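Right, one structure below, let's go through it.
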Amino acid sequence: MSEQSAHPHAARATGAGGDPGSYGLLVAGEWRAAAGGARAEIRSPYDGRTVGEVAVASAADAEAALAAAERGAAVWRRTPAHERFAILSRAAELADARADVLAATISAENGKPLAESLGEARRSGALIRLAAHEGTQLYGEGLPLDANPGTGLDKVGFTLRQPVGVVVAITPFNYPALLVLHKVAPALAAGNAVVLKPASATPLTALALASIFVEAGVPAGVISVLTGPGGELGDALVSDPRVRKVSFTGSTSVGERIASLAGVTKLSLELGASSPTLVLPGADIERAAAAIAAGGYVNAGQVCISVQRVIAHRDVEGDLLDALRPKVEAIRMGDPFADGTTLGPLIAEREAERVAASIARAVDDGATLLTGGERDGAFVSPAIVTGVDTHHAFAQEELFGPAVAVTSVDSFDAAIDAANGTAYGLAAGVFGGTLAEGVRAMREIDAGSVHLGWTPLWRADLMPYGGLKASGYGKEGVRSTVQEMTEVKTVVMHG
Ligand code: NAP
């Protein structure tokens, strides 16, 4: 995102039917220029062309959005669940109808192949619908107070589940639609106001989605979008006492900063990872290789649940690599909008430089580059690196790029130790092994999700989803998010 001066369209919002790439900030139900008048161009990571333009908010805009959100939250919490459900259902219909436009926006600003963007865009309506339903399920429970010694039948107690109020949602670049919706849709469904700060690289998808909620009838102030630098806006938003919930998805380093600033506020942190896939004797090697060839390279490996590490038992490693290599070499890099492209650029050239340097360092330190790993601008060709020591930075640190690190082990116990041997714990996959080993793997791998018979790269939008250890805390997945964005109040009637 590059900054430029005030623009004549600064206060104009456009969605389907208009110029899809020029937006103001969404604050208090209106599209407006940033207080300082700054605008920024959004560029394609593929060819650098300008694909849109947004306002650049500052702390003054954050203040205006929070004030509006506080007013919006007061209106929305008094709106019956069936009305919220109806509005969100309309938003889901609009998202379905605009899936093609959303997909084109995702590919333009993020660079992922159009087929992947279509998959993401087409999940959007369904995700909003699932969230809308969960917003109608804010059950409480009756309390058997008379079971408490000294308490009689003269009292009735129960719980109410209520929205927290103002939610701040901060999202990363890699899934510009789904990771926004995983926060915004449950927040709205549960009766909260939300202030969204999308990634600076991919704000256009977030703004297109926000337009959909506005068009569907979400009242003024209930949804706000601030585009601009995470450091400045993030600090202003997460430390504000009006904010009752901060929901962050992004890197562990930014998550740590948010945790230090948020104070006494509910917090969910969906952070980085170095996710393992175990391939054990008895694995269906073709299936494992096909799943790894997808799971390690989808979205150029820029997925928190990407297959970063393959932990292969020595007895099957050779067969696995023989099956995996041709599949990885068949991945086609190119224009995200061209038919047949299965790998786009990374989000920026400096990210490609970082990934290529990580691969080179692993090789310098004794690993073998089996295929790929060459950089061309923002592209890195899909790589397999074998003989990676599990303690090496290439296994320990999140790579977020199109490469898989293969580590050999001699036993099931060594595989579990390697799987658990990083600071992270987001997701893991296991192929093969005995039934007893599968049961041990699901219990003993320290990860928020464990997939038996698949890689970590799998998610259903309704399942609880979130990491352990340095991968964060709190769970997303519409039901879990609604729980985390609501409070339980205990009510006692004294007769
Ligand atoms: P990032 O650099 O941490 O940025 C994420 C968001 O935080 C962006 O909107 C960014 O704004 C904002 N931000 C930056 N500095 C901030 C600050 N001081 N306070 C508050 N917000 C701030 O992450 P990214 O590069 O976009 O995304 C990649 C990371 O996200 C990876 O580590 C990946 O594993 C993680 N991720 C995790 C999950 C999960 O579910 N666990 C899912 C997807 C991605 P700017 O863009 O303006 O800097």
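The values are calculated or read from the model by the stated rules, or taken from the named source; none is laboratory data. Note that the structure is a prediction, hence the values are computed from the model and not measured. Heads up, the Cβs are rebuilt from the backbone with ideal geometry, glycines too, and the neighbour counts pull from every protein chain shown. Note: areas computed on protein heavy atoms with side chains; ligands, DNA, RNA excluded. Shrake-Rupley method; radii C 1.70, N 1.55, O 1.52, S 1.80 Å.
Listed values, structure above:
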quantity	calculated
Close pairs (8 angstrom Cβ cut-off, 6 or more residues apart or separate chains): assigned to a strand (DSSP E or B) in segment 368-385, among the aromatic types (Phe, Trp, Tyr) anywhere	Val385/Phe394
Candidate set: segment 229-250, residues that are assigned to a loop (DSSP other than H, G, I, E, B) and more than 7 Å from the ligand (Cβ to nearest atom); chosen: the one surrounded by the fewest Cβ atoms within 10 Å (Cβ to Cβ)	Pro241
Members of segment 251-284 that are open to solvent by 20 Å² or more (accessible area, probe 1.4 Å), near the ligand (Cβ under 7 Å from one of its atoms) and outside any helix (DSSP H, G or I)	Ser251
Which numbered condition His391 misses (of (1) surrounded by fewer than 19 Cβ atoms within 10 Å (Cβ to Cβ); (2) outside any loop (DSSP other than H, G, I, E, B))	(2)
Test for Ala300: is it surrounded by fewer than 24 Cβ atoms within 10 Å (Cβ to Cβ), under 27 Å from the mean Cα position of the chain (by Cα) and not charged (D, E, K, R)	no
Filtered residues of segment 197-228 (kept if within 16 Å of the ligand (Cβ to nearest atom) and among the polar types (S, T, N, Q))	Ser200, Thr202, Thr205, Ser224, Thr227
Index of the failed condition, Thr422 passing every other in (1) part of a loop (DSSP other than H, G, I, E, B); (2) free of Cβ contacts under 8 Å to residues at least 24 places away in the same chain; (3) not hydrophobic (A, V, I, L, M, F, W, C)	(2)
Subset of segment 165-184 (residues that are within 12 Å of the ligand (Cβ to nearest atom), under 21 Å from Ala99 (Cβ atoms) and either of a type in the set (A, V, I, L, M) or part of a helix (DSSP H, G or I) (or both))	Leu178, Leu179, Val180, His182, Lys183
Residue pairs meeting the criteria (Cβ under 6 Å; at least 6 apart or on separate chains; first open to solvent by less than 10 Å² (accessible area, probe 1.4 Å), in segment 188-213; second within 9 Å of the ligand (Cβ to nearest atom) and polar (S, T, N, Q))	Pro198/Thr171; Pro203/Thr227
Meets criteria (assigned to a helix (DSSP H, G or I) and more than 21 Å from Thr249 (Cα to Cα)) for Leu94	yes
Filter pass, Ala323 being at pLDDT 95 or above and either part of a helix (DSSP H, G or I) or β-branched (Val, Ile, Thr) (or both)	yes
